[in-house]
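Here's the structure, in structure tokens; my notes come after.
The values are calculated or read from the model by the stated rules, or taken from the named source; none is laboratory data. Every value quoted in this text rests on a predicted model; they were computed, and no experiment measured them. No Cβ is skipped: glycine too gets one built from the backbone with ideal geometry, and neighbour counts run over all protein chains shown.
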Amino acid sequence: MLEKVKKLDLKNWRGVGIYILFIFLTAPWLPAIIRQTAKWSAIDLTSFLTYIRVTSLAMLALVIILYMFISQCYKNIFSWFITILVGGGFAFLTTRTAAAAEVTHFLEYGGLSVYIFYKLDDVKNLPYPFERYYKAAFFSLLVGVADELYQGLLPTRYYDINDIMLNVVSAVLGLIFIWGTLAQKPAAVVKCPA
């Protein structure tokens, strides 16, 4: 079975590595960036956290709608149902977080799982139909655990098992969105966006 699976070309995975590096590099500075931006904009921090939540959800909605039109999934009612379900899931989760930095994690890990899913398109003849989804979710889980362990070592951040669960839920929501928009499309259409 392993001889059927094509080896990964690590050069094609540079983008994923840069994405993960960005997650780790922003971790120590994100709370300070949020506080400083709130100070510069002369908005109290509570209003600014609400602003970040609303802006993040608006950016997510824009990206999802653009994806739906680019991939021509807007014609499929099932895709819209899944999109509304996933968007509602993200909106619900953002109301359950006290820190604005965690709202950015929702977008980071949802995007990471989708990006990994598309990069796994390089591996042909996977033995199970949903193996790309499992591998993308598992790799996102590993990055989420490593990120939280890293945050536990930082003086300005903290480790929280709930954050790991939220990161995983975010990754799974991203994969549910991909599954819902690609469920009605032939496999030949699934290509990695540039």
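Considering (1) at pLDDT 85 or above; (2) more than 18 Å from the chain's Cα centre (by Cα); (3) under 15 Å from Phe130 (Cβ atoms), the lone condition that Ala187 does not fulfil carries the number (1). Within segment 105-116, is even one residue assigned to a helix (DSSP H, G or I), over 19 Å from Thr26 (Cβ atoms) and either modelled with pLDDT under 80 or acidic (Asp, Glu) (or both)? So far as segment 105-116 goes, no, none of its residues is assigned to a helix (DSSP H, G or I), over 19 Å from Thr26 (Cβ atoms) and either modelled with pLDDT under 80 or acidic (Asp, Glu) (or both).
Filtering Ile164, Ile84 for residues that are at pLDDT 85 or above and either β-branched (Val, Ile, Thr) or under 18 Å from the mean Cα position of the chain (by Cα) (or both) leaves a single hit, Ile164. With respect to (1) at pLDDT below 70; (2) farther than 24 Å from Leu182 by Cα; (3) of a type outside the set (Gly, Ala, Ser), the lone exception for Gln72 is condition (2). Check segment 35-43 and report whether any residue there is at pLDDT 70 or above, of a type in the set (Phe, Trp, Tyr), part of a helix (DSSP H, G or I) and touching a Lys or Arg at 6+ places or on another chain (Cβ under 9 Å). The answer is no, given that none of the residues of segment 35-43 is at pLDDT 70 or above, of a type in the set (Phe, Trp, Tyr), part of a helix (DSSP H, G or I) and touching a Lys or Arg at 6+ places or on another chain (Cβ under 9 Å).
Figure legend. Inter-residue proximity from segment 143-166: first residues touching a residue at least 12 places away in the same chain (Cβ under 8 Å), second residues among the polar types (S, T, N, Q) and in a helix (DSSP H, G or I), beta-carbon distance below 6 Å, spacing 6+ or different chains. Indicated pairs: Gly144/Asn167; Arg157/Gln151.
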